[in-house]
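Q: Pasting in a structure now, in structure tokens, and then I'll have a few things to ask.
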Amino acid sequence: MINQQRLVDHFVDLVKIDSESGNEKAIATELATQLEAMNFTVHRLPVPEDLSNGFNLYARLEGTLPGSTVLSCHMDTVKPGIGIEPVIEGDIITSAGNTILGGDDKSGISAIIEAIRSIQADGKAHKTIEIAFTVFEEGGLRGSKVFDMSYITSPQALVFDSGGQIGKIITQAPGQQSIKVTITGRPAHAGLAPEEGINAMVVASEAITKMKLSRIDHETTANIGIVQGGQATNIVMPEMYIAAEARSLNDDKLAAQTAHMIDTFEAAAKAHGAEITIDSQRAYNAFTLEDSDPLVQSVIETFESIGIEPQTASTGGGSDANVFTAKGLKTVNLSTGMSKVHTTEEFIKISDMVKISDFIYAYLTR
């Protein structure tokens, strides 16, 4: 049986540990210690030093019931995530208002650990449990990309890293293409001889004006996210850097949108005599599981067994589920009830944290 107070206390303790992306050493060390105390075999998996001061975390606890499952969350948070002060009012946990809360993704971590603690306290038989906690998920799923998959033996995984109603099962998520553009024009004095220059801003604005952006269709989006350039108002802008992305649930549509964006940038540069370099990289691939898939069905049946209505859904965001799926580990992403993530208005309901903990308990002991 889930211990609500222990769950809340643990969540509060975790969100107080600073762990913005790249600074996961403290949270990873604490979780490794906790899992070892729960009789897990724990492996601290090194990651590149320029990625994080921490480590990816793999842990394993043998079970007596047939089957095994990987349970996964990321340990990092977005900014502003330093000095988080959780505030509890009734059923709601928020931050003090000057930081994010960190429910993304410490609500998932707390639920996993509470479910296992409750199983152990109740003396219940369970499946073999594998834990995969990752660094630097925010901003590119980078921790999961370097996760050492040789430790994992289960054919399936549950990632707990989505918002919305408890019972939401993400079975479809988009792939993302990262597009980084540098436009090099020619400087000139903006007052004395502007016609001698090539304004990189003008090149970029012409391209962006002709570009299909935002919602392309029900499966595809595109966005210009970062624009940097300029030296002074009296200098024709000689260079501009642009970071953009495209996403789609459909690989062909993603390829087409990416090509459209690149072609439009290149055409504008050519028209103005500017130089252009474009770095286009696949950040992660899309994944899709049918509702009839045995993993999806087992999740649906578990939710139903504890009185929660399941709902399969697609999402516009990526998660470690995309990366694990691409590495051959069949994965779905489940909601923990987190709301308004990546903002200082982030909150989570205690009752939702209990519900997802109940699900994990039921799933592992079925």
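Every number here is computed from the coordinates shown, using simple stated rules; none is lab data. Since this is a predicted model, take the numbers as computed values, not measurements. All Cβ positions, glycine included, derive from the backbone under ideal geometry; neighbour counts span all protein chains shown.
Q: Distance check, please: which entries in Lys106/Lys340; Lys145/Lys330; Lys145/Lys253 exceed 18 angstrom between their Cα atoms?
A: Lys145/Lys253
Q: How far is helix 200-209 tilted off the main Cα axis of the chain, in degrees rounded to 10, range 0 to 90?
A: 60
Q: First select every other residue whose beta carbon is under 14 angstrom from the beta carbon of Ile300; then total the charges, Lys and Arg +1, Asp and Glu -1.
A: Numbers: positive: Lys168, Arg366; negative: Glu290, Asp291, Asp293, Glu301, Glu304, Glu309.
Its environment carries a net charge of -4.
Q: I would also like to ask the following. Please list the equivalent ellipsoid semi-axes of the range 175-284, computed as the square roots of five times the alpha-carbon gyration tensor eigenvalues, in descending order and whole angstrom.
A: Numbers: eigenvalues 176, 27, 23 Å².
Rounded to whole Å, the semi-axes are 30, 12, 11.
Q: Follow-up question, since we're still on this one. Which FRET efficiency value, to the nearest 0.05, is calculated for Ile226 and Thr64 with the Förster distance at 41 angstrom and r the Cβ-Cβ distance?
A: On the way: r = 52 Å, r/R0 = 1.26.
FRET efficiency, Ile226 to Thr64: 0.20.
Q: Find how many whole Å separate the alpha carbon centroid of the range 106-164 from the alpha carbon centroid of the range 1-66.
A: 9
Q: At 0.36 nm per residue, and after removing the present C-alpha to C-alpha distance, how many nm does the segment from Arg366 to Lys340 gain when stretched out fully?
A: On the way: separation 26, 0.36 × 26 = 9.36 nm, distance 3.27 nm.
Value of the extension gain: 6.1 nm.
Q: Kindly identify the range 72-132 as rounded, prolate or oblate by the Cα gyration tensor criterion: order the square roots of the eigenvalues as a ≥ b ≥ c, call it rounded if a/c is under 1.5, otherwise compare a/b with b/c, prolate if a/b is larger, else oblate.
A: Values: a/c = 4.39, a/b = 1.87, b/c = 2.35.
Oblate.
Q: Calculate, for Asp18 and Asp122, the FRET efficiency according to 1/(1 + (r/R0)^6) with r their C-beta to C-beta distance and R0 25 Å; round to the nearest 0.05. It would help to have the intermediate numbers written out before the result.
A: Details: r = 34 Å, r/R0 = 1.35.
Calculated transfer efficiency: 0.15.
Q: For the range 1-139, rounded, prolate or oblate, judged on the Cα gyration tensor with a ≥ b ≥ c (square roots of eigenvalues), a/c < 1.5 rounded, else prolate if a/b > b/c? Show your work: numbers first, answer last.
A: Details: a/c = 2.44, a/b = 1.23, b/c = 1.98.
Taking the square roots of the gyration eigenvalues as a ≥ b ≥ c, the range 1-139 is oblate.
Q: How far is the Cα center of the range 195-213 from the Cα center of the range 309-343, in Å?
A: The two parts, judged by their Cα centres, are 37 Å apart.
Q: Using just the helices of the chain, give the 222 nm mean residue ellipticity in deg cm²/dmol: DSSP H runs with n ≥ 4 each add -39,500 (n - 2.57), and the total is spread over all residues, rounded to 500. List each step's numbers first, then the result.
A: Working: 9 runs with 116 residues, N = 366.
Theoretical 222 nm ellipticity from helices: -10000 deg cm²/dmol.
Q: Given 0.36 nm per residue, what is the gain on full extension from Thr41 to Ser292 after removing their alpha carbon distance, in nm?
A: Working: separation 251, 0.36 × 251 = 90.36 nm, distance 3.37 nm.
Difference between extended and current length: 87.0 nm.
Q: Mind giving me the FRET efficiency for Glu85 and Met1? R0 is 30 Å, r the Cβ-Cβ distance, nearest 0.05 is fine. All intermediate terms of the calculation are to be shown ahead of the outcome.
A: Values: r = 30 Å, r/R0 = 1.00.
The computed FRET efficiency comes out at 0.50.
Q: What fraction of the DSSP beta bridges in the chain is antiparallel, stated in percent and rounded to the nearest 5? Walk me through the numbers on the way to the answer.
A: On the way: 54 of 76 bridges.
Antiparallel bridges make up about 70 percent of those DSSP assigns within the chain.
Q: Using a 10 Å cut-off on Cβ atoms, rank the peptides 353-365, 36-48 from the highest mean neighbour count down. Working shown, then result.
A: Values: 353-365: 23.2, 36-48: 14.9.
So the order, starting with the most tightly packed, is 353-365, 36-48.
Q: Something else about it: When the Karplus curve 6.51 cos²θ - 1.76 cosθ + 1.60 is applied with θ = phi - 60°, which whole-Hz ³J(HN,Hα) does each residue of the range 248-259 get, with x for Gly and Pro?
A: 7, 6, 10, 4, 5, 5, 5, 5, 5, 5, 4, 4
Q: Output the peptides 93-103, 166-176, 69-79 sorted from most to least packed, where packing is the average of other Cβ atoms within 10 Å over each peptide's residues.
A: On the way: 93-103: 21.2, 166-176: 22.7, 69-79: 25.1.
Listed from highest to lowest mean packing, they are 69-79, 166-176, 93-103.
Q: Please give the contour-minus-distance gain from Tyr151 to Thr29: 0.36 nm per residue of separation, less the Cα-Cα distance, rounded to one decimal in nm. Walk me through the numbers before you get to the answer.
A: On the way: separation 122, 0.36 × 122 = 43.92 nm, distance 1.89 nm.
Roughly 42.0 nm would be gained on extension.
Q: Moving to a separate point now. So what's Rg/Rh here for the chain, counting alpha carbon atoms and using the Kirkwood radius for Rh?
A: Radius of gyration over Kirkwood radius for the chain works out to 1.05.
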